[in-house]
Structures are given as C-alpha cells and as structure tokens.
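Just below is one structure, and these are the notes that go with it.
The values are calculated or read from the model by the stated rules, or taken from the named source; none is laboratory data. Keep in mind that what you see is a predicted model, and the values were worked out from it rather than measured. With ideal geometry, Cβ positions are generated from the backbone for all residues, glycine too; neighbour counts draw on all protein chains shown. Accessible surface is based on the protein model in full, side chains and every heavy atom, while ligands, DNA and RNA are left aside. Shrake-Rupley method; radii C 1.70, N 1.55, O 1.52, S 1.80 Å.
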Amino acid sequence: MHILVTNDDGVTAPGLLALAQEIRKIEDAEVTILAPDRNWSASGHVKTMHRPLRVKTVELPDGTSAFASDGAPSDCVALALLGVLDKKIDLVVSGINPHANMGHDVTYSGTVTAAMEATIEGVPGIAVSLETPDGFRGQQDYAPAARIGRRVAEQVIQHGLPKGTSLNVNVPYLQDDEFKGLRVTRQGLRVYRDELIQRDDPRGRPYYWIGGEPPTGVSEDGTDIGAVYDGYVSITPLQLDLTAHQFMSELNEWDWQN
Ligand code: MN
C-alpha cells in the first residue's frame, strides 16, 4: 500500500507532517510525501501547462525526507501519479489544512482539489481539514485530526471508493475524547463576508484586495457545517459531476429551436 501525502500549505507545514506521521502507522503502508514548495491555499484546481515543473528533495523536521515541487497541489498529485514516483500510488491523502473546507470552500481549496486530482487519475483521494477557531493564536495541535485522517484512510483501504468519488473530511478543533462522533454529511452553505478593499500604491495607482471577515456558514442538520459546529467529524463524499441534474428538464423546455 503506497500512500501519497500532500497538502496545499507547503511541504514545511506542520499539518502535513502530523498527517504523514500518522498515516505511516497504517499496517503495510509505505508513505511518500510530494507537496508544493510554497503555500497554495485557495488556489483551486490547477493544471500547470505553460511552464516547467521542478521536483526537489527536502528534509522535514522529523528527519524524514519529502519531495517538493513548484507546482500546485493538484500538479503534485499529477506528477506523482504520472510517474515522477516510480512506484504506483494506491491512495492520496491531502492535508491537514489549518482551516475547514466546507460548503462552497471545496471549489477554492487546494487541499480538496489535490484529492480530486487523484480521483481523476482513478486513485482514491481524501482531504483532511481542521476547523481552527477564528482568532486562534499559536501552533495548532494537529494530532487528533491526524488520527482521524488515519482512521478514514484505513476505512478507504478496506472498502475502496466508487469511481469519481473522493472524501472531504473536516475535523472540529477538539481532543480525541471530545469528538461526539463521525458523521457522513452533504455540503452545506457557506456565508462569505468578502469585502473589496481599494487603496493606492506608492505611485498613486489603485490596487484591490479581497478582504473581510472569515466566512461563517448555515449550521443545518446533515451538512458538513452543521456536523462540525456540533462537535462531530464531518465526512462528505464528493463527486466531480457538478451537473445540476434537477434543473435539466426545465432547461430543456427553454426555447432552443430558433
Ligand atoms: Mn491551505
């Protein structure tokens, strides 16, 4: 069982190391890390096509070695699966992101799109994110979320995932004995509070910054947001088919004949 661990926060991020250390404990697991050499958070699903990609070896704080690439998270997965790593990859686990990826976040998330890239290549993908409370200062404790990531990975190894499906795992910021349990959920509704900030640069030209408060969400039963807000680990099966199936018949009745 050859498992690729990656992330979108960069190869030196503590969430990646915590996850890799825990995934290494899976029986018969061989773990390889190939992650971006910088932070690609909120980069969405990227395929770098117009510049070359480099891969180098780096040493992590625990003395293990990892590969780092100047590509995006999804590029890292593609590189690994297309042959940069000689040995076939059986599972991709991405994270641990320091912030939750729930609701519409999944379309922005580098963490989640790394798992989606694995799915496109026919390999099961899991994304793991931690709901660090707003305003939290200091170094997060990733260990409980890493243990959840390992549990989910073990389940995926045992059961497999249907074609085209990945798992998006969001973990509340709690200790092991504080989790209320694990819940299978659907995507909830994020509420973004983005604001346009306009200032002038030193030469008097305007520049723009998308600022504002961090997003909140509608805490609805059955959703990722509802579960995490209630203290449950949320596991959402994601598919790449974004078709709005329920709208197709109405759309068909529009006037398409002229
Ligand atoms: Mn990130």
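Some notes on this structure:
- Counting only protein heavy atoms and using a 1.4 Å probe, the accessible area of SER109 comes to about 0 Å².
- Converting phi to 3J(HN,Hα) with the Karplus coefficients 6.51, -1.76 and 1.60 and the offset θ = phi - 60°, segment 186-197 yields 10, 5, x, 10, 6, 10, 8, 10, 5, 9, 7, 9 Hz in sequence order, with x at every glycine or proline.
- Cα-derived Rg to Rh of segment 1-149, Kirkwood definition: 0.94
- Backbone geometry of segment 16-30 corresponds, through the Karplus equation with coefficients 6.51, -1.76 and 1.60 at θ = phi - 60°, to 3J(HN,Hα) couplings of 5, 5, 4, 5, 4, 4, 6, 5, 4, 7, 5, 4, 6, 8, 10 Hz, x marking Gly and Pro.
- Within the chain, DSSP assigns beta bridges of which about 45% are antiparallel (rounded to the nearest 5).
- FRET efficiency, MET248 to LYS163 (Cβ-Cβ, R0 22 Å, nearest 0.05): 0.55
- Simple label model, 7 Å out from Cα along Cβ direction - GLU121 to ILE197, nm: 3.7
- Cα-based shape type of segment 94-217, given that a ≥ b ≥ c are square roots of the gyration tensor eigenvalues and the cut on a/c is 1.5: prolate
- Dipole orientation for segment 176-220: of the candidates GLY217, GLY204, GLY181, GLY204 has the Cα lying most toward the positive pole (charges on Cβ; Lys, Arg +1; Asp, Glu -1).
- Take the chain with all the other protein chains still there, run a 1.4 Å probe, and you get 54 Å² of accessible area per residue.
- Measuring how big the chain is from its alpha-carbon positions, Rg and Dmax come out at 19.2, 67 Å.
- Per residue of the chain, the DSSP helices (runs of n ≥ 4 H) give a summed -39500 (n - 2.57) that works out to -6500 deg cm²/dmol at 222 nm.
- Segment ASP141-TYR208, length gained on full extension (0.36 nm per residue, minus Cα span): 20.7 nm
- The charge dipole of segment 59-198, taken about the Cα centre with unit charges on the Cβ atoms of Lys, Arg (+1) and Asp, Glu (-1), comes to about 520 debye, rounded to the nearest 20.
- Trypsin sites (Lys or Arg not before Pro) within segment 40-85, DSSP loop, no more than 15 other Cβ atoms inside 10 Å: LYS47, ARG54
- Heavy atoms of HIS45: accessible area, 1.4 Å probe, square angstrom to 10: 80
- Of the GluC sites (Glu not before Pro) found in segment 120-204, the ones in coil according to DSSP and having at most 15 other Cβ atoms within 10 Å of their Cβ are GLU121.
- Length-normalised contact order of the chain in % [C-alpha pairs under 8 Å, at least 6 apart]: 17
- DSSP-defined antiparallel bridges as percent of all bridges, segment 81-206, nearest 5: 10
- The loop-placed chymotrypsin sites (Phe, Trp or Tyr not before Pro) in segment 95-168, going by DSSP, that have at most 14 neighbouring Cβ atoms within 10 Å of their Cβ come out as PHE136.
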